[in-house]
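The values are calculated or read from the model by the stated rules, or taken from the named source; none is laboratory data. Just so we're clear, the structure is a prediction, and the values are computed from it rather than from any experiment. Note that we place each Cβ from the backbone using ideal geometry, even for glycine, and neighbour counts take in every protein chain shown.
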């Protein structure tokens with residue numbers, strides 16, 4: 001395994017920033033495993049105001065998020081510079097960023113009503129973070145983002161095999177582990193909406209878990225998971241997605257478990273799932 005630190009403007013541009021000032025301070029870790037290169041950066045949250053370096057033809061990171069994303073409000077904590085990218089020697093890439101995740105937030109209002117929703121909207125309007133008034137949109141920031149895929153010229157095939165989770169349970173040396181937050185919101189103290197991505201690399205391959213987790217206290221719990229697995233000895237990457245959701249009243253679990261995404265997610269009812277095989281160029 002090789003490891004070095006680089007400046008990466010190409011990956012930075014996908015995070016929603018292209019200004020020279022911001023790009024110059026963007027340090028990216030780079031690790032090489034077999035035919036794959038893993039790039040990762042963990043950085044600070046989105047600034048709360050426009051940068052003095054912002055120009056009309058070269059927006060600062062704050063303005064790109066507030067003007068180019070089609071949502072009236074952003075989550076309380078957004079990590080625009082956090083990025084995880086896996087690139088095969090053939091040029092095939094899988095990338096995870098907050099900007100791309102938030103692009104898929106639903107435009108229509110979320111159909112679950114709670115008492116705090118109107119006060120939540122009012123607090124956001126009064127915050128001064130954005131000028132646009134709160135309208136109808138999914139205030140839980142639910143996204144079915146499953147990563148950004150580039151260079152997969154061989155396409156994606158439906159797979160019946162799926163990821164063998166028993167293989168992942170085998171004890172194996174962890175060569176690299178990363179846990180990145182993309183965004184988080186506490187829903188005006190009535191729950192949490194969080195999107196994060198975790199990755200581990202073993203001698204046999206790598207595994208990635210991208211998760212959007214939603215808990216509305218006393219109402220419902222939901223999770224959108226994307227699992228990506230590749231064995232270095234094979235010519236394909238498996239991508240599984242799973243959408244799970246239940247009303248809190250239907251869950252027969254201890255209350256403490258509801259605040260632990262890793263514990264409660266497997267107890268939720270599976271509503272939709274897919275499995276695809278991405279073929280690497282020979």
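Values as computed for the structure displayed
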| item | result |
| --- | --- |
| Subset of region 92-107 [surrounded by fewer than 23 Cβ atoms within 10 Å (Cβ to Cβ), touching a strand residue (DSSP E or B) at 6+ places or on another chain (Cβ under 8 Å) and more than 11 Å from residue 38 (Cα to Cα)] | 92, 100 |
| Set 154, 146: member being in a loop (DSSP other than H, G, I, E, B), touching a residue at least 40 places away in the same chain (Cβ under 8 Å) and farther than 27 Å from residue 102 by Cβ | 154 |
| Meets criteria (touching a residue at least 60 places away in the same chain (Cβ under 8 Å) and over 20 Å from residue 31 (Cβ atoms)) for residue 235 | no |
| Scope region 237-252; condition surrounded by 14 or more Cβ atoms within 10 Å (Cβ to Cβ) and over 10 Å from residue 221 (Cα atoms); matching residues | 237, 238, 239, 240, 241, 242, 243 |
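The rows are residues; the columns are (1) out of contact with any strand residue (DSSP E or B) (no Cβ under 6 Å at 6 or more places or on another chain); (2) at pLDDT below 95; (3) in a strand (DSSP E or B); (4) surrounded by fewer than 20 Cβ atoms within 10 Å (Cβ to Cβ).
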residue	(1), (2), (3), (4)
171	yes, yes, no, yes
198	no, no, yes, yes
210	no, no, yes, no
214	no, no, yes, no
218	yes, yes, no, yes
222	no, no, yes, no
230	no, no, yes, no
